[in-house]
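Here, each number is a calculation from the coordinates, and none is a lab measurement. On a predicted model such as this, the values are computed, not experimentally measured, just so you know. Here the Cβ positions follow ideal geometry from the backbone for every residue, glycine too, while neighbour counts run over all protein chains shown.
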Amino acid sequence: MAHITARSVAVEFPLYGLKGRSFKTTFIHAATGGLLAKDAGNRVVVRALDGLTFDIREGDRIGIMGHNGSGKTTLLRVLAGAYEPTAGSIEISGRVASMLSIGLGMDADSTGYENIFVRATIMGLRPAEIPPLAEEICAFADLGEYIHMPLRTYSSGMSVRLAFAISTSVSPDIILMDEWLSVVDAAFRDKAQQRLKNALDRARILVLASHDERLIRQTCSRIMRLDHGRIAGFEPAS
C-alpha cells in the first residue's frame, strides 16, 4: 500500500561567510522564513524544516498551507527526493509523480525528447517502458519541432507543458503538486484539466501545496499547516 512516513525530519541550509555582527540583521530578514540556528560545526544555518513527524496513508489528500517561507516547497522537494533530510527519516512506498519546479529532473542541454527518457527514468520507469509513452507525451505537449531542441531554448510555459505531459503519462501512486501550472497559457491549462483529474482520480495519495485555501478545501481531505518549518497542526479540509 502507498504511504509516506516522516519521523523528526529536518532540513538545514548553511549560511557561509556570515559574520557574527550581521547575525541579528539576518535573523530579521529570515523572520518570515526558516529559523536560524547553529549546527554541530558552529555554522549558522537556516532550518527550513524542523522536526516534522507525520503519516500519510492510502486515500489521503493532503493540502499544505503556510506563509511564504514556511517550508511548503522544501517539504515537497524532500518528498520528491530532490533534498535529503539533514536529520530524521522519511519512508515512501509507491511510485511518485512530482509536479513541482519546472526544472526538477530535467537537463537543460538535452533535447525535449531526450528529457522524456531522463525524467521517466527518474520516475522509476524501466527503459523498455518509455518508448511506447514517448509519442503520446510529444503529442500532448504539442511542442512541434521544439521537442528536438535543447530544453534551454524553451520558455517556462513550454518546459511546464513537457514536464506535465511526462508526469501524467503514467499512473502514479503518489502525486506531489504545487501551483506551477499557473505559468502555462490558458489553452493548454484547459486541455490539462481533464488529464490532471484522471491522474488525481487514479492516485492513491495526493500532496498539494498552495496559498489558495479554496482550492485546498475543494481538492483535499486534510490540511497540514506549516509555520517557520514546523507543523502548526492538522485539520479536516471540509
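Electrostatic tally near E135: other residues with Cβ closer than 14 Å to its Cβ, Lys and Arg +1, Asp and Glu -1, net -3. Applying the Karplus relation 6.51 cos²θ - 1.76 cosθ + 1.60 with θ = phi - 60° to segment 191-202 yields 3J(HN,Hα) values of 5, 6, 4, 5, 4, 5, 4, 4, 5, 5, 5, 7 Hz, where x marks Gly and Pro. Here the simple spin-label model places points 7 Å from the Cα toward Cβ, and for R222 and T53 these points are separated by 1.5 nm. Distance from the alpha carbon centroid of segment 175-238 to that of segment 121-147 works out to 24 angstrom. The listed peptides 161-173, 85-97, ordered by packing as a protection proxy, come out as 161-173, 85-97 (highest mean of other Cβ atoms within 10 Å first). Counted residue by residue at 0.36 nm each, then reduced by the alpha carbon distance between them, the extension gain from Q194 to D212 reaches 4.5 nm.
Put in line by how crowded their Cβ is, counting other Cβ atoms within 10 Å and starting with the fewest, V11, V118, V45 read V118, V45, V11.
For segment 165-238, what does the alpha-carbon gyration tensor say about shape, rounded, prolate or oblate, given a ≥ b ≥ c as the root eigenvalues, a/c under 1.5 as rounded, and a/b over b/c as prolate? Here segment 165-238 falls in the prolate category. Sorting the segments 223-232, 134-143 by their residues' average number of neighbouring beta-carbon atoms within 10 angstrom, most packed first, yields 223-232, 134-143.
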